[in-house]
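Some notes on the structure that comes next.
The values are calculated or read from the model by the stated rules, or taken from the named source; none is laboratory data. Keep in mind that this is a model prediction, so the values were computed, not measured. Cβ: placed from backbone, ideal geometry, glycine included. Neighbour counts: every protein chain shown. The accessibility values were calculated without ligands, DNA or RNA, using every heavy atom of the protein model including side chains. Shrake-Rupley method; radii C 1.70, N 1.55, O 1.52, S 1.80 Å.
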Amino acid sequence: MGGKGNGLLSDSVYSTPEHTLLKWLNNHFKIQQTELWTSSEFKSLPDDREVTNFSTDLSDGLIFVAVTASFCPYLTHLLSEVYRHPEGEEESIHNVIKVIEVWDKAKLGFTIKPQDIVYPNPVKMILLTTYLYEILPSCYPRSTVKFSADLSREDEQIITLNNPTDKCIMFGVQIVGDPMGVFRLKSNESTVTIQKLSSIDISIIYTAKLIQTAKAIIIFHAPPCTVPNFTFALEAQCIALTVHESYKITTKVYTSTESFIEITPPYDELTGYNIYITEEEPTTLDKLKICLWSEIALKRLPRRLFLKQNEIYKHPTEKTMQLHYLYYCVLPEIKSFWFIFRNENVGDFMVKLSFLPNTNTMPTTKKVIDLPSDWDLDKCKCEDLHPDSFELTEGCYLRTTIALPCTNTFMWKSFKQILDELSTSREEMEFWSKYL
């Protein structure tokens with residue numbers, strides 16, 4: 001099926017407009033020979049051909065596949081299973097079913113059966129090709145609307161639609177290629193109505209749920225035989241990694257702290273998130289260095305923070321999620337960690353966790369230091385109290401008491417606790433007890 005003709009204008013039965021349609025089909029088939037069929041989704045090229053009629057040359061669906069791909073490149077993944085060398089009617093029907101599914105997805109506004117193409121009526125095929133010639137160009141994005149927002153934040157852009165007719169038209173709205181729903185109309189409506197001879201501004205909202213770039217297509221499809229569709233490409237970039245929630249936890253120096261924190265995700269879905277972590281503050285995507293906690297946990301390396309879970313879940317009865325942690329404060333300094341919770345079907349968000357050492361809990365030893373006795377002795381009354389020998393009394397301004405940090409013993413004890421956490425046998429624990 002899909003025969004070869006002797007020349008584009010060889011069949012004198014067709015009128016000039018019909019020859020224009022044949023030339024249009026041939027041009028797009030040749031274009032897709034180097035674009036669609038050579039992409040990674042397709043493994044082979046169909047046989048070269050030249051369309052000279054509206055019957056057998058169209059009956060295997062490959063010509064319609066090519067012309068549809070030219071104007072709906074965002075739907076070509078739905079055509080990857082077509083037969084490039086169809087043998088018999090079943091494979092041709094399969095091809096036609098696939099291309100009709102794309103037409104339905106693009107809301108072209110007509111109904112046709114696969115048998116109408118596989119067993120073609122030339123007049124019906126001319127009418128079908130004429131309709132595609134008129135409607136398909138409006139399915140190609142006329143422009144790209146660009147968005148940018150910080151992670152978990154929103155951006156709004158406005159597009160203008162015109163109705164040049166003298167009738168009120170209601171457009172259906174469809175967003176293609178956005179499984180996570182990062183794009184939506186501000187009105188949350190599924191239709192847009194434009195009064196006759198007027199225009200309307202449409203607000204589109206982008207929510208930065210993902211760290212990576214997001215792309216989609218929005219189609220405003222008009223009723224059949226009214227006006228062409230309006231199609232726009234949507235492209236969005238998460239430009240900065242902002243913290244969704246921040247927690248500050250006070251800990252005792254040289255001791256461990258094990259507890260839970262309640263995290264409120266920005267998304268309502270009941271699902272689980274993979275946990276990524278970094279000790280360097282993430283700002284832009286090009287400087288992002290994160291590691292999956294489940295992989296870090298497999299490495300038996302000393303560290304201050306341990307998580308008691310590899311994933312975190314939001315349960316149906318809870319609004320928050322619990323993160324179970326164990327932290328060792330081995331130094332009297334503020335230590336921060338950034339957690340990025342990721343779910344490829346829901347979104348990403350970031351939480352900052354800072355541990356603040358309570359220096360008042362640091363173990364110290366007291367040392368009394370006497371200041372030089374020649375400092376303003378005329379003000380000191382200690383000599384009056386001890387006339388026989390000069391001796392500073394308790395509370396004298398020349399005497400001061402300072403607290404000297406005594407860290408080594410406690411710090412090594414804290415470090416040993418970390419090694420105990422990593423130990424997998426009693427022998428290992430006894431080893432660290434012996435040498436620390």
Examine the stretch 401-408 for a residue that is open to solvent by 70 Å² or more (accessible area, probe 1.4 Å), farther than 30 Å from residue 323 by Cα, at pLDDT below 80 and assigned to a helix (DSSP H, G or I), and state whether such a residue exists. yes
Enumerate the strands (runs of 3 or more DSSP E) found wholly within the stretch 150-191, keeping only those where 2 or more residues are among the β-branched types (Val, Ile, Thr) and open to solvent by 10 Å² or more (accessible area, probe 1.4 Å). 154-163, 169-176
Condition (residue is of a type outside the set (Val, Ile, Thr) and under 22 Å from residue 72 (Cα atoms)) applied to the stretch 187-200: is it met by at least one residue? yes
Give just the number: which of (1) open to solvent by less than 40 Å² (accessible area, probe 1.4 Å); (2) at pLDDT 90 or above does residue 253 not satisfy? (2)
Would you tally the residues in the stretch 210-256 being closer than 30 Å to residue 413 by Cα and touching a Pro at 6+ places or on another chain (Cβ under 9 Å)? 5
I need a count of the residues in the stretch 130-163 that are of a type outside the set (Lys, Arg) and closer than 30 Å to residue 265 by Cα. 12
Just one of the numbered conditions (1) open to solvent by less than 20 Å² (accessible area, probe 1.4 Å); (2) touching a Pro at 6+ places or on another chain (Cβ under 7 Å) is not true of residue 118; which one? (2)
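For the structure I just gave you, tell me whether residue 113 is in contact with a strand residue (DSSP E or B) (Cβ under 7 Å, 6 or more places away or on another chain) and either touching a residue at least 12 places away in the same chain (Cβ under 8 Å) or open to solvent by 80 Å² or more (accessible area, probe 1.4 Å) (or both).
Taking the combined requirement at face value, the residue does not satisfy it.
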Testing residue 199 on (1) touching a Leu at 6+ places or on another chain (Cβ under 7 Å); (2) surrounded by 13 or more Cβ atoms within 10 Å (Cβ to Cβ); (3) not hydrophobic (A, V, I, L, M, F, W, C), one condition comes back false. Which one is that? (2)
